Structure formats: C-alpha cells, structure tokens
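Encoded as structure tokens, the structure appears first; notes follow it.
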C-alpha cells in the first residue's frame, strides 16, 4: 500500500494560541491543549505540539529547526468572504484576494508563528 497523507504537525512555543488561530481561520473546533492539540478538517488533521514536548521526547531535535519556511493551503468556496471575515477579526493579511494567471483565486494570511496560510478557490 502506498503511504496516505493524513496531516501536518506544527511545532510551536504556544500550542493553545496556534490551535485557536487555525480553528478560527478554518471555522473548526480545536481539541486538546498544552502540549498537543489538533484541528480536523475534511481530508486531514492539523496538529500542534510544543517545542518543549519535542525536546522532552528527543533531546536536541529542535536545534536546527526554523519556522515560517512553508505555506499551508486550504481550499475554500469563497475567498472574498473569508478575507472579509478574517480581516475584520484583525488577522494579518499578506496578500489580498487575487486571481492568479492559472485561475486560482487566493488570499494569504500569516499565522502567529509566521507561517503563510493560503486560502484558495478554483476558478
């Protein structure tokens, strides 16, 4: 059987804050707390684990780790509506709703740890 992708875990210094951010952006429920939480959306689980927890499990595992080097993408039905709701909540918008030459319409956000979140809809 080929591997099946089921989710991503973000390592953070503030599990409750990051889980709450993604629960708000994705209009989902956050489950758990320090040191582990998760937000489930159709198709995958986005989980959050503390830096301290990682270091407790494997000493030195976070030594070379850096943050903000990737983009998480979520398909939505209405980018403009999401943009309006999230901007009104004070969430940092990096790129307002834009239609790309290849047809995708997207808005970029920044999460509390500096990662880019791309909410997009197909044209």
>> If I take every Cα pair under 8 Å that is 6 or more residues apart in segment 66-123, average their sequence separation and divide by the length, what percent do I get for the relative contact order?
In response: 44
> Between residue 14 and residue 104, what length comes free when the chain is fully extended (0.36 nm per residue of separation minus the Cα-Cα distance, one decimal in nm)?
Replying inline: 29.2 nm
> How far is helix 79-88 tilted off the main Cα axis of the chain, in degrees rounded to 10, range 0 to 90?
Replying inline: 60
>> Quick check on the exposure proxy: order 104, 82, 2 from fewest to most C-beta atoms within 10 angstrom.
In response: 2, 104, 82
>> If I take R0 = 41 Å and measure r between the Cβ atoms of residue 88 and residue 59 in this structure, what FRET efficiency does the formula 1/(1 + (r/R0)^6) give, to the nearest 0.05?
In response: 0.40
>> Between 0 and 90 degrees, rounded to the nearest ten: what's the tilt of helix 15-26 against the longest Cα principal axis of the chain?
In response: 20
> Measuring from a point 7 Å past the Cα of residue 78 along Cα-to-C-beta, which residues in segment 11-51 have an amide N at less than 19 Å?
Replying inline: 24-28
> Quick one: length gained pulling residue 71 to residue 5 fully straight, 0.36 nm per residue minus the C-alpha distance?
Replying inline: 22.1 nm
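Coordinate-derived values only; no laboratory data. Because the structure is a prediction, the values reported are computed rather than measured. Please note: Cβ atoms are built from the backbone with ideal geometry, for glycine as well, and neighbour counts cover all protein chains shown.
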